[in-house]
Amino acid sequence: MKTRPMMLALAVAAAIAAPAAMAEGSTADGIAQYRAMLAEGNPAELWELAGEDIWKEKAGPKQASLEQCDLGKGPGVVKGASAALPRYFKDTDRVQDLESRLMTCMQTLQGISPDNFVKGKWGKGEMEKMEQIVAYVVGQSRDMKINVDMSSPQMKKMYALGKKAFFYRAGPMDFACSTCHGEDGKRIRLQDLPNLTKHEGAAAGWGSWPAYRVSNGQFWTMQHRLNDCYRQQRFPEPIYGSDVTIALSVYMAKTANGGTVMTPGIKR
Amino acid sequence: MNKYLMIAPLALGIHLATAADDMTAEFKQMMDGSFESSGIADKHRLYQLDFQAVCSSDRMPSAERLKAIEAEQMKTIRWPSDGKYTGDWKSGEKIAISGRGLTWSDKADTTNGGGCYNCHQLSHTEISYGTIGPSLLNYGKLRGNSEEMVKYTWGKIWNAKAYSACSNMPRNGDAEILTEAQIKDVMAYLFDPESPVNKP
Amino acid sequence: MDQLRRNTLKAGSGLSLFSLLVAAGMVKPGVAEAAWSKAAFEAKKMDAALSALGAGSPAESAEVQLTAPDIAENGAVVPVGVVSNLPDTEEVAILVEKNPNMLAARFMLPAGTEAAVQTRIKMGQTSDVYAVVKAGGKYYMAKKEIKVTLGGCGG
Amino acid sequence: MGNPMRIRAAASDGVTEVKVLMNHEMETGQRKDSSGNLIPAHFITELNAKHGDKVVLQAEFGPSVSKNPFLSFKFKGGAKGEKVVISWVDNKGDSRSDEATIG
């Protein structure tokens, strides 16, 4: 918690600097002011707090905690883990993001079926706990550098697939991820759109999700964020933890590499 | 008519496949395994139209390719059946503001919006506008209402791909996002001298 | 319908629970006497809300500062801060003119507590927001217009 | 019993600044659910903050305080290691009390 004031100062500075360049005049100033005031107290901390307890609680048919879960830095290591995700895991022979990895841990350690999430509802039941755990885990990488290991062929392949998916246009509105996130300085309504094809934008976007959304008072994981992007693209629904979501995550994380983790973030 | 390019999963292990083909096959398999139908958003929506596939890369297609698509898309434009191009600007404003419709959380009977404000500045008073598309402030005032300008605008709203093959703008008429009557209202919003688009 | 809601509110009022907290020693008796200001919170007109607060028509004062953004990206969460430089400020209230119920929050400041509070409120639409302050037995206020913008894509 | 609050209290130059995040729906009673039924009002009505035995703040909230309320205030006094206790009750009679050590 020592690093908090620093983090807040950075968030305020970023909130003031970023939109000023994008929107014009008083509107931009007003919005910057608004964001700076919000950065003061992020309700995502309530999820972090709950998640830390859940991480240590015995749960599921096997009555075990998640304390032996290996997020890539060894069993039980949470500090810095999410800054280095997604990564290739030998035991599952898959590239996994935080949430698909947590599903693996819950299944193997606790006996909790992935169906709870794949068929679950956001904010309900086991999914609510997942969101709290995610908040806790990503908070443990706050202020660290985004650092995904791209050396394995599996990660390289996922990156290539993710890039392809990013530009894939389909559906009744002909949208792709790149429609909104492929150029600098664009916005939807008053929302600045990070250019996820470049380092700066990817660091801002990937680096600030998962986040608390003030519009609905919910905490959104990255899977939820991607799910809603596809909803607005008018695509069919991506399956929770599916390869397209992980491939896109690898594409964004690699592009963001070296940027700062600002999670959990706070968004409109 | 637009042709569909199917992305059904391909059989793996074809001997002659190159690395790029492998990648394409793997990509198709990934997409097929990653999405499911949800509400009105059927899984078929993953199938790409030919121009969607051509416009799905970080590199622009060749000039000839773009021209061919534009010519093809131009044929889809349906001009107003009664020869009238404009309706009610007040309804047009509501359509321009609404971004509803066609998502899996919408219903089949949801009245679709045009979502114009998501990407364009239009009126002098609405500050919450996007910048993916150009500003359309003073649209009618600046461009006048010559037949050419009115027809171009109608066509652009109906199917933007007829004018720019890989445009970010949806095909509001061709893809049945908006009805002919709704498009007339949006046209009035752009051209009517009384519309807040043209009145400070 | 409205009557039903009022009854429910009354029945479920925090008052009795607060008494329990007092009994449990968690809250000092002095606190419990401050029951929720139902009339002020349920007032649907500005002057009614002010009179329920006992504020009458407060004078505008430069010594009351209302800190809020000019524009709120989302009306669900609008950060608002009030600072009073008036001596003996004992109470601060935040009201939103165009909300269905004007009064959002009221703060009682014992001696030793600075007249500087911040919270976050909901706003249904662009509106004037009022900070009403009681200092030395008199009421003062400051106001500011906050614009509430429309949401993002798909809404 | 309500969910835990997040409380931060920091003393400097003889003044303690307290920041509180509460876990609460703050339902207005004016919204409808997906089937068109009114969602009943559910919001924190009263809150108080104590430093030792001394009440340092009392507040009353209406339903137009935002979901997961945030509150910040300052009082004179308070030293590192001492406690600040925040308690709230809501219109359904639920309550919560949490404490934080001044840092």
| said: So C:Asp47 passes all but one of these: (1) away from chain A (no Cβ under 14 Å); (2) modelled with pLDDT of 50 or more; (3) crowded, with 17+ Cβ neighbours inside 10 Å. Which condition number does it fail? | reply: (3)
| Mind checking which residues of the stretch D:64-94 are touching a helix residue (DSSP H, G or I) at 6+ places or on another chain (Cβ under 9 Å) and more than 7 Å from every other protein chain (Cβ to nearest Cβ)? | D:Trp88, D:Asp94
| field | Subset of the stretch A:142-154 [out of contact with any Lys or Arg (no Cβ under 7 Å at 6 or more places or on another chain), surrounded by fewer than 23 Cβ atoms within 10 Å (Cβ to Cβ) and in contact (Cβ under 8 Å) with a residue 60 or more places away in the chain] | value | A:Arg142, A:Asp143, A:Met144, A:Lys145, A:Asn147, A:Ser152, A:Gln154
| query | What's the number of the condition A:Tyr212 fails, among (1) facing chain B (nearest Cβ under 7 Å); (2) part of a strand (DSSP E or B)? | reply | (1)
| task | Quick one: which residue in B:Ile132, B:Ile177 is in contact with a strand residue (DSSP E or B) (Cβ under 7 Å, 6 or more places away or on another chain), farther than 12 Å from B:Phe191 by Cβ and in contact (Cβ under 8 Å) with a residue 24 or more places away in the chain? | result | B:Ile132
| Given the structure, is B:Gln121 within 30 Å of A:Phe235 (Cβ to Cβ) and either surrounded by fewer than 21 Cβ atoms within 10 Å (Cβ to Cβ) or without any contact (Cβ under 8 Å) to a residue 60 or more places away in the chain (or both)? | yes
| query | If you take the residues of the stretch A:196-208 that are part of a loop (DSSP other than H, G, I, E, B) and surrounded by fewer than 21 Cβ atoms within 10 Å (Cβ to Cβ), which of them is nearest to the other protein chains (Cβ to nearest Cβ)? | reply | A:Thr197
| said: With the requirement that a residue be over 14 Å from C:Ala131 (Cα atoms) and either of a type in the set (Ser, Thr, Tyr) or in contact with a Leu (Cβ under 8 Å, 6 or more places away or on another chain) (or both), what does the stretch C:33-51 give you? | reply: C:Ala35, C:Trp36, C:Ser37, C:Lys38, C:Ala40, C:Phe41, C:Ala43, C:Ser51
| query | Taking the stretch D:1-47, which residues are acidic (Asp, Glu) and within 7 Å of another protein chain (Cβ to nearest Cβ)? | reply | D:Glu46
| request: Would you be able to say whether some residue in the stretch A:143-152 is farther than 23 Å from A:Glu67 by Cβ and within 14 Å of chain B (Cβ to nearest Cβ)? | output: no
| request: Tally the residues that are surrounded by 18 or more Cβ atoms within 10 Å (Cβ to Cβ) and among the β-branched types (Val, Ile, Thr), restricting the search to the stretch A:57-104. | output: 3
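Can you pull out the residues in the stretch C:63-106 that are of a type in the set (Ser, Thr, Tyr) and within 14 Å of chain A (Cβ to nearest Cβ)?
Here is the first cut: in the stretch C:63-106, the ones of a type in the set (Ser, Thr, Tyr) are C:67, C:84, C:89.
Passing the criteria: only C:Thr67.
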| helices (runs of 4 or more DSSP H) contained in the stretch B:93-167 and holding at least 2 residues over 16 Å from the mean Cα position of the chain (by Cα) | B:139-143, B:147-158
| task | Can you give me the number of residues within the stretch B:89-104 that are over 19 Å from B:Pro170 (Cα atoms) and crowded, with 16+ Cβ neighbours inside 10 Å? | result | 2
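Is it the case that the stretch D:75-84 has a residue that's under 22 Å from D:Gly2 (Cα atoms), buried (at least 17 other Cβ atoms within 10 Å of the Cβ), in contact with a Leu (Cβ under 8 Å, 6 or more places away or on another chain) and at pLDDT 95 or above? Break it down stepwise before answering.
Looking only at the stretch D:75-84, we keep the residues that are under 22 Å from D:Gly2 (Cα atoms), and these are D:83-84.
This time we only want the ones that are buried (at least 17 other Cβ atoms within 10 Å of the Cβ), so: D:84.
Imposing the further condition that a residue be in contact with a Leu (Cβ under 8 Å, 6 or more places away or on another chain) reduces the set to none.
No, there is no match, as no residue in the stretch D:75-84 is under 22 Å from D:Gly2 (Cα atoms), buried (at least 17 other Cβ atoms within 10 Å of the Cβ), in contact with a Leu (Cβ under 8 Å, 6 or more places away or on another chain) and at pLDDT 95 or above.
Filter the stretch A:238-252 down to residues that are hydrophobic (A, V, I, L, M, F, W, C) and over 22 Å from A:Gln132 (Cα atoms) and give me whichever is surrounded by the fewest Cβ atoms within 10 Å (Cβ to Cβ).
A:Val244
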| field | Meets criteria (over 20 Å from A:Asp228 (Cβ atoms) and in a strand (DSSP E or B)) for A:Val77 | value | no
| message | So for the stretch B:6-14 (the condition being part of a loop (DSSP other than H, G, I, E, B), surrounded by 15 or more Cβ atoms within 10 Å (Cβ to Cβ) and either under 22 Å from the mean Cα position of the chain (by Cα) or at pLDDT 95 or above (or both)), does at least one residue qualify? | response | yes
| request: Hand me the list of strands (runs of 3 or more DSSP E) wholly inside the stretch C:70-133 holding 1 or more residues that are in contact (Cβ under 8 Å) with a residue 12 or more places away in the chain and more than 16 Å from A:Met37 (Cβ to Cβ). | output: C:78-84, C:89-96, C:103-108
| query | For the stretch B:60-88, which residues satisfy the criterion of being exposed (fewer than 14 other Cβ atoms within 10 Å of the Cβ) and within 25 Å of B:Gly130 (Cβ to Cβ)? | reply | B:Met60
| Inside the stretch A:187-215, can you point out the residues that are at pLDDT below 95 and in contact with a Ser or Thr (Cβ under 8 Å, 6 or more places away or on another chain)? | A:Arg187, A:Arg189, A:Leu190, A:Val214
| Is there any pair linking a residue in the stretch A:218-237 that is farther than 12 Å from A:Leu248 by Cβ to one that is of a type in the set (Gly, Ala, Ser) and in a helix (DSSP H, G or I), with Cβ under 6 Å and at least six apart or on different chains, and which? | A:Phe219/A:Ala44; A:Phe219/A:Ala135
| message | Looking at the stretch A:216-240 only, could you name the residues that are assigned to a strand (DSSP E or B) and either of a type in the set (Val, Ile, Thr) or out of contact with any Ser or Thr (no Cβ under 7 Å at 6 or more places or on another chain) (or both)? | response | A:Gln218, A:Phe219, A:Trp220
| said: Please count how many residues of the stretch D:27-54 are surrounded by 13 or more Cβ atoms within 10 Å (Cβ to Cβ), under 30 Å from D:Ala11 (Cα atoms) and of a type in the set (Asp, Glu). | reply: 1
| query | Quick one: in the stretch A:27-38, which of the residues that are buried (at least 22 other Cβ atoms within 10 Å of the Cβ) and touching a residue at least 60 places away in the same chain (Cβ under 8 Å) is nearest to C:Val148 (Cα to Cα)? | reply | A:Ile31
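The values are calculated or read from the model by the stated rules, or taken from the named source; none is laboratory data. All values derive from a computational prediction rather than experimental measurement. Neighbour counts are summed over all protein chains in view; Cβ atoms, including those assigned to glycine, are modelled from backbone coordinates with ideal geometry.
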